[in-house]
Amino acid sequence: MRLRRGVLAYPFSLAAILIFTCLLVFALWRLWNTEAALRTQAGDNMLWAIAQAQVATQQLDIALAQARLEEADADILGLRYDVLLSRLTLLEDGPQRRHLADLGHFEPIHALAEQVYAQEDAFLSADARAGGEAEALHELLAELASEIGRAANRAMVAQWDETGAQLDQQHSAILQVIATVMIILAIGAFISWRMLAAFDAEQRAQMSLLREQEIREAYRSFVALVSHQFRTPLSVIDASMQRILRKGETIQPAEISERARRVRATVKSLTDLMQATLDSMKLDAGQIDINRAECDITAELETARERQLEARPGRTVRIDTGDEVPARITTDPILFQQIIGNLLANALTYSPQTEPVTIRVRAGNNQLRIAVVDRGIGIPEEEKQMLFQPFFRASTTKEVHGVGMGLHLSRRLAHMLGGDLTFESKRGFGSTFTLELPL
């Protein structure tokens, strides 16, 4: 089911991106059309052209009346006539002509304009500015001004209608753009969610792969270790039993005791291996509980020392406790004993018989620090980063039987108790493992 969802996610994401692109193009197209409509409206101002023509007609009529009263000379009259001709020409050309035709006023205005053109000499002649002919020119200009005024009224109404329609279109376009942007945002959020989900899935897959690689590597190490650790003790047990069977009653009691001791040591090694493996499995499964209680620090360390010295008579373990160390600590005594026991066992195992091991106890910054110091073989520099890995054993410890789980388990137990386990070591000079626990 998960695989099916993963396969379908890509077409859905591709479709979302395609819809996202189409909506964005649509929004840009609507904005472009709106901007073009605004530019067309600004460039085609019909009312201005009609108003100018009407004003020019009235100014020519006024100048003609002033000329009859000899209050205006011929230059003024000619100027007004030329202005009227330019305004009429503007009305009869380009978009203004089409607009007048749509309003139904082009033909009347054009006919009156032709009469004005035909009466050019009369408008500019001094003799024509008197008598009945001047009255006819006045009536022609009045009729032209009236017709242009009616055209102006119709143009104004049409302009208002057109402006209202354009406002409705622009309002609709803006609403469409807003809706499109909201859909784009929604699709963008969906795409972002899909990308984050894909990234999270990729991270989980990488973590799973890394975990699987770690498990596989640990399994290989475990198989190799078990193969070696089981084969050697079993061989020792088998060889001892075969020798006892071959010699029969002739074997000396001392030799029987020695071989029994070897068998017991090898059995203990097998038992330790099985116990370490079980402890690791319990840790991985979260089956180890923490039962905190107040513990006497000195008493717990003395107990750990006595247990180790019972198995290794003749060795020396010193305890150096600072004056600042409190008498008691709240922790899990069983896990505490297990950590200290592992550290002491390693220190005694990998240091010479004649060298003592020291437990140095200090306190500060609300932390209890217990350092187990030995003068043993130490750890090679290039192997330090792998020391706490499960089933890892340093190259300097190959001659000593061991499981390679003690330090791994001890550090994990330290973390469970809220502390940590660190170390310092130099090959050939010894090691110091420090357990830090909160007070």
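Averaging 1/r over every pair of different alpha carbons in region 289-438 and inverting the result gives a Kirkwood radius of 15.6 Å.
With the convex hull drawn over the C-alpha atoms of region 84-176, the volume per residue is 92 Å³. Ranked by the mean number of other Cβ atoms within 10 Å of their residues, highest first, the peptides 407-417, 94-104 come out as 407-417, 94-104. Name the aspartates and glutamates eligible as straight-distance cross-link partners of K247: C-alpha to C-alpha under 19 Å, and not fewer than 8 places from it in the same chain. Qualifying aspartates and glutamates at Cα under 19 Å: D238, E255, E258. From most to least packed by mean Cβ count within 10 Å, the peptides 339-347, 300-308, 56-64, 319-327 give 339-347, 56-64, 300-308, 319-327. Projecting the Cα positions of V361, L335, M405 onto the charge dipole of region 289-438 (unit charges on Cβ atoms of Lys, Arg, Asp and Glu, taken about the Cα centre) puts M405 furthest along the positive direction.
Given +1 at the Cβ of Lys and Arg, -1 at the Cβ of Asp and Glu and no other charges, the dipole of region 289-438 around its Cα centre is 360 debye to the nearest 20.
Read-outs throughout are calculated quantities, based only on the coordinates presented, and are distinct from any laboratory measurement. Keep in mind that this is a model prediction, so the values were computed, not measured. With ideal geometry, Cβ positions are generated from the backbone for all residues, glycine too; neighbour counts draw on all protein chains shown.
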